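All remarks here apply to the structure that follows.
The values are calculated or read from the model by the stated rules, or taken from the named source; none is laboratory data. Every value quoted in this text rests on a predicted model; they were computed, and no experiment measured them. For neighbour counting, all protein chains shown are included, and Cβ atoms are generated from backbone atoms with ideal geometry for every residue, glycine included.
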Amino acid sequence: MNSRKSEQQSLDKTLHLDEEMLGSMHSLDDYKGVFLNELIDIYKTMTPDVLKILIIAIEAKNYPESSRLAHKLKGMCGNVGIKRLIAVLEKIEIAHEEISAEDWQKLPETLSQEHAISVVLLYDHWYTKIKAV
């Protein structure tokens with residue numbers, strides 16, 4: 001039961017997504033979804049490469065590069081309201097010295113999981129299926 005609860009929490013969109021911000025972005029084109037879809041597509045297309053390089057920097061314990069890349073990825077996440085991943089990235093960016101060695105080693109897996117969850121939630125809950133005219 002605990003694993004089921006943990007699984008449900010990991011896919012709880014309110015923990016991961018800024019619903020208010022996404023709603024505002026969705027309203028920018030009279031709720032057609034074209035603009036938000038573009039942002040989601042850009043997020044899905046561009047973030048994996050930055051994430052890969054960030055993970056390499058983390059594994060190499062290159063703190064300045066990790067901080068720089070975390071900042072870059074945080075901005076990309078901010079464009080589509082990804083809350084939980086931003087919190088992890090913020091810690092890497094500005095407070096990496098507070099992260100224990102054990103937690104630092106877990107960051108690549110944590111980042112990969114959070115990114116995957118964010119993509120699923122964005123597409124499942126915010127991506128608008130636009131009908132061809």
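Quick look at the values:
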| item | result |
| --- | --- |
| Members of segment 18-73 that are closer than 13 Å to W126 by Cβ and small (G, A, S) | G23, S24, S27, G33 |
| Residue within segment 62-82 that is surrounded by fewer than 20 Cβ atoms within 10 Å (Cβ to Cβ) and of a type in the set (V, I, T) present | no |
| Contacts under 8 angstrom Cβ, first residue in segment 88-109 being at pLDDT 95 or above, partner not in a helix (DSSP H, G or I), 6 or more apart | K91/I99; I92/I99; W104/K61; L107/I99 |
| Residue identified as under 30 Å from K129 (Cβ atoms), out of contact with any Cys (no Cβ under 9 Å at 6 or more places or on another chain) and charged (D, E, K, R) among K91, K106, K61, K44 | K44 |
| Residue within segment 40-61 that is modelled with pLDDT of 95 or more, outside any helix (DSSP H, G or I) and of a type outside the set (K, R) present | yes |
| Residue pairs meeting the criteria (Cβ under 7 Å; at least 6 apart or on separate chains; first free of Cβ contacts under 8 Å to residues at least 40 places away in the same chain, in segment 38-57; second assigned to a helix (DSSP H, G or I) and of a type in the set (S, T, Y)) | A57/S66 |
| Residues located in segment 17-55, provided they are of a type in the set (G, A, S) and either surrounded by fewer than 14 Cβ atoms within 10 Å (Cβ to Cβ) or within 30 Å of P108 (Cβ to Cβ) (or both) | G23, S24, S27 |
| Failed criterion for T14 (all others in (1) of a type in the set (S, T, N, Q); (2) modelled with pLDDT of 95 or more; (3) surrounded by fewer than 15 Cβ atoms within 10 Å (Cβ to Cβ) hold) | (2) |
